[in-house]
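Student: Take this structure first; my questions come after.
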Amino acid sequence: MAKLVTPEEVMKRIQTGEEVNIIDVREKSETAADIIPGAEHIPLGQLVLRKSELDQGKDYIITCQSGNRSKAACGIMEALGYKVEDMAGGMNAWSGKTE
């Protein structure tokens with residue numbers, strides 16, 4: 001099971017210049033309203049199809065709207081051999097910058 005990471009911890013990593021690879025698994029209509037700057041948008045339903053776009057040597061932070069889809073996405077990605085963390089509370093809990 002993926003480790004939970006708080007939105008505050010993700011913000012702190014971004015602010016300190018740490019490499020942060022965020023995947024937002026919400027639908028396009030949801031990310032049109034707001035997305036974390038630099039996050040990659042891959043809807044949950046396309047995750048397996050688009051796995052070749054991801055690097056197994058990187059760590060990923062997965063987010064969605066409230067945390068349910070990111071939990072599912074983490075399970076899929078872990079089964080495919082990726083190292084992932086689940087951002088607790090999703091974008092509902094995010095108070096940082098969005099674009």
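The values are calculated or read from the model by the stated rules, or taken from the named source; none is laboratory data. It should be emphasised that the depicted structure is a prediction, and the values quoted were computed from it without experimental measurement. Here the Cβ is made from the backbone with ideal geometry for all residues, glycine too, and neighbour counts use every protein chain on show. SASA here: full protein model, heavy atoms, side chains in, ligands and nucleic acids out. Shrake-Rupley method; radii C 1.70, N 1.55, O 1.52, S 1.80 Å.
Student: Please state which one of 90, 96 is within 20 Å of residue 13 (Cα to Cα) and in contact with a strand residue (DSSP E or B) (Cβ under 8 Å, 6 or more places away or on another chain).
Tutor: Checking each option against the conditions leaves just 90.
Student: Checking residue 53 against (1) over 17 Å from residue 2 (Cβ atoms); (2) in contact with a Phe, Trp or Tyr (Cβ under 9 Å, 6 or more places away or on another chain); (3) charged (D, E, K, R), only one condition comes out false. Which one?
Tutor: (2)
Student: Being at pLDDT below 95 and open to solvent by less than 80 Å² (accessible area, probe 1.4 Å) is the filter here, so list the residues in segment 1-14 that pass it.
Tutor: Across segment 1-14, the qualifying residue is only 2.
Student: I'd like the full set of residues that are over 12 Å from the mean Cα position of the chain (by Cα) and of a type in the set (Lys, Arg), limited to segment 44-82.
Tutor: The answer is 50, 51, 58.
Student: Of the residues 96, 17, 45, which single one is surrounded by fewer than 16 Cβ atoms within 10 Å (Cβ to Cβ) and on the phi > 0 side of the Ramachandran plot?
Tutor: 17
Student: So, one more: Just checking: which of the strands (runs of 3 or more DSSP E) contained wholly in segment 16-99 hold 1 or more residues that are at pLDDT below 95? It would help to see each step written out before you state the result.
Tutor: Working: elements: 22-24, 59-63, 83-87.
Result: empty, no element qualifies.
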